[in-house]
């Protein structure tokens, strides 16, 4: 069995994120994103050579979560794919554009300080509990109770 891999994109949110809805009513997260470019110098140091920008989108429930969690300036790591499309300009010319479609999107742990909330999300049922929470629940059920302590599940 081989490991599934996809394209990734790292960078920062360069614009204020937008939440819109498609003609089918699906949520669509959009942000202009930047990626700093560097080159390695002969002495081993790095020199910033500029910033490249592209559009990033995400759809459905993940788009709504991304809109709640991301702000301009946030560093991110995304997994997904690039999508090329044609966009007609106001003068009638057609421009070839590219956007990164994020299937998964999260803050970059190497550049972001944050707290992780491990409580199950409201939209997740007991059936979707993580292996860790199931293991912890099993350990609580099988662990002997100390004298005078009550075990609650």
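Of everything in the range 108-127 that is modelled with pLDDT under 60 and either exposed (fewer than 10 other Cβ atoms within 10 Å of the Cβ) or within 18 Å of the chain's Cα centre (by Cα) (or both), the residue that is nearest to residue 64 (Cα to Cα) is 125.
Quick check: anything in the range 78-90 out of contact with any strand residue (DSSP E or B) (no Cβ under 8 Å at 6 or more places or on another chain), part of a loop (DSSP other than H, G, I, E, B) and either without any contact (Cβ under 8 Å) to a residue 24 or more places away in the chain or buried (at least 17 other Cβ atoms within 10 Å of the Cβ) (or both)?
So the first thing to find is which residues in the range 78-90 are out of contact with any strand residue (DSSP E or B) (no Cβ under 8 Å at 6 or more places or on another chain), and the list is 90.
Filter once more, keeping what is part of a loop (DSSP other than H, G, I, E, B): 90.
Among the residues that remain, those that are also either without any contact (Cβ under 8 Å) to a residue 24 or more places away in the chain or buried (at least 17 other Cβ atoms within 10 Å of the Cβ) (or both) are: 90.
Within the range 78-90, one or more residues are out of contact with any strand residue (DSSP E or B) (no Cβ under 8 Å at 6 or more places or on another chain), part of a loop (DSSP other than H, G, I, E, B) and either without any contact (Cβ under 8 Å) to a residue 24 or more places away in the chain or buried (at least 17 other Cβ atoms within 10 Å of the Cβ) (or both).
In the range 94-107, of all residues being surrounded by 14 or more Cβ atoms within 10 Å (Cβ to Cβ) and touching a helix residue (DSSP H, G or I) at 6+ places or on another chain (Cβ under 8 Å), the one that is farthest from residue 12 (Cα to Cα) corresponds to 102. Tell me whether the range 12-26 contains one or more residues that are loosely packed, with under 12 Cβ neighbours inside 10 Å, in a strand (DSSP E or B) and over 14 Å from the mean Cα position of the chain (by Cα). Yes, the range 12-26 contains a residue that is loosely packed, with under 12 Cβ neighbours inside 10 Å, in a strand (DSSP E or B) and over 14 Å from the mean Cα position of the chain (by Cα).
Scanning the range 56-77 for residues that are in a loop (DSSP other than H, G, I, E, B) and surrounded by 15 or more Cβ atoms within 10 Å (Cβ to Cβ) returns 70, 74.
Can you tell which of 55, 43, 16 is at pLDDT 95 or above and under 21 Å from residue 112 (Cα atoms)?
Working: 55 fails: under 21 Å from residue 112 (Cα atoms); 43 fails: under 21 Å from residue 112 (Cα atoms).
The match here is 16.
Please find, among 30, 53, the residue that is more than 15 Å from residue 105 (Cα to Cα), touching a residue at least 24 places away in the same chain (Cβ under 8 Å) and assigned to a strand (DSSP E or B).
That would be 53, the only listed residue that is more than 15 Å from residue 105 (Cα to Cα), touching a residue at least 24 places away in the same chain (Cβ under 8 Å) and assigned to a strand (DSSP E or B).
When you go through 130, 93 one by one, which is the residue that is at pLDDT 95 or above, more than 15 Å from the chain's Cα centre (by Cα) and over 21 Å from residue 7 (Cα atoms)? Steps first, please.
Values: 130 fails: at pLDDT 95 or above.
Testing whether each residue is at pLDDT 95 or above, more than 15 Å from the chain's Cα centre (by Cα) and over 21 Å from residue 7 (Cα atoms) leaves just 93.
The values are calculated or read from the model by the stated rules, or taken from the named source; none is laboratory data. All of these numbers come straight from a predicted model, not from anything done at the bench. Virtual Cβ from ideal backbone geometry, glycine too; neighbours counted across all protein chains shown.
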